[in-house]
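What follows is a single structure, written as structure tokens, with notes after it.
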Amino acid sequence: MRNQGSGVRGQGSEGIKISSPDLRPPTPIIILGIDPGLQRTGWGVIAQNGNALSLVACGVLKSDAEDGLAYRIKLLGDGLHDVIARYKPQESAIEETFVSVNGQSTLKLGQARGALLLTLAQANLPIAEYAATKVKKSIVGAGRAEKNQVAQMVQILLPGCGKFGADAMDALAVAICHAHHRGLRDLGAEGLRA
């Protein structure tokens, strides 16, 4: 005599389909943050694994003010290309240009930022852009926060990064800001699919 069972059948039969939750840990996302500058461009790479953030690497790309502008821009692009090749980020974020009273400085910063954006685009990386006030608000909770407040919070979120200097810390702040906002974007997308 056949066992009648509970009437629940496995997947693929005509009964109820049973699926088990995906218990695999989330795959970390590698994010590259950039604080652009012609003389000093900060870069920071973090891993986002669910809600957890961890420091991968950070540093500064430097150019010499005595070199020609085109050569300096090329150095920044080449340096960023090397960072991308080494750490293989999946997403990138860059701070928007701050328009200062000095038009010449703003123009040079814009040219450096353009070279960095081109390098990111050539690497086929998704690029997010954030205003400095949005980065500060994401890290500290206030868009007018002081640089030292941002640096202190970055050190709390990514222990061990304090020894790398202000430009690298600013780049890490941009990466953290992106991690926070991409998480909100992902939650929004999940809500739309539900």
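The values are calculated or read from the model by the stated rules, or taken from the named source; none is laboratory data. What you are looking at is a predicted structure, and each value in this text was computed from that prediction instead of being measured. Here Cβ is always computed from backbone atoms with ideal geometry, including for glycine, and neighbour counts include all displayed protein chains.
Which residue out of G77, G33, G42 is surrounded by fewer than 23 Cβ atoms within 10 Å (Cβ to Cβ) and in contact (Cβ under 8 Å) with a residue 12 or more places away in the chain?
G77
Could you tell me whether region 149-172 includes any residue that is surrounded by fewer than 12 Cβ atoms within 10 Å (Cβ to Cβ), modelled with pLDDT of 85 or more and either of a type in the set (S, T, N, Q) or assigned to a helix (DSSP H, G or I) (or both)?
Step one: list which residues in region 149-172 are surrounded by fewer than 12 Cβ atoms within 10 Å (Cβ to Cβ), which gives 156, 159-160, 163.
Going one step further and asking which of them are modelled with pLDDT of 85 or more, we end up with 156, 159.
If we keep only those that are either of a type in the set (S, T, N, Q) or assigned to a helix (DSSP H, G or I) (or both) too, we end up with 156.
Yes; the residues of region 149-172 include at least one that is surrounded by fewer than 12 Cβ atoms within 10 Å (Cβ to Cβ), modelled with pLDDT of 85 or more and either of a type in the set (S, T, N, Q) or assigned to a helix (DSSP H, G or I) (or both).
Does region 113-133 hold any residues that are crowded, with 17+ Cβ neighbours inside 10 Å and of a type in the set (S, T, N, Q), and which are they?
T119
Specify the residue that is surrounded by the fewest Cβ atoms within 10 Å (Cβ to Cβ); the eligible residues are those in region 81-99 that are of a type outside the set (V, I, T) and within 10 Å of the chain's Cα centre (by Cα).
Across region 81-99, the extreme among qualifying residues is Q90.
In region 88-124, which residues are part of a loop (DSSP other than H, G, I, E, B), modelled with pLDDT of 90 or more and aliphatic (A, V, I, L, M)?
Step one: list which residues in region 88-124 are part of a loop (DSSP other than H, G, I, E, B), which gives 88-90, 96-102, 123-124.
Restricting the remaining residues to those that are modelled with pLDDT of 90 or more gives 88-90, 96, 123-124.
Correct list: A123 only.
In region 27-87, which strands (runs of 3 or more DSSP E) lie fully inside it and hold 3 or more residues that are out of contact with any strand residue (DSSP E or B) (no Cβ under 9 Å at 6 or more places or on another chain)?
Ranges flagged: none.
Before we move on, is K136 of a type in the set (K, R), surrounded by fewer than 19 Cβ atoms within 10 Å (Cβ to Cβ) and either outside any loop (DSSP other than H, G, I, E, B) or in contact with a Gly (Cβ under 7 Å, 6 or more places away or on another chain) (or both)?
No, not satisfied.
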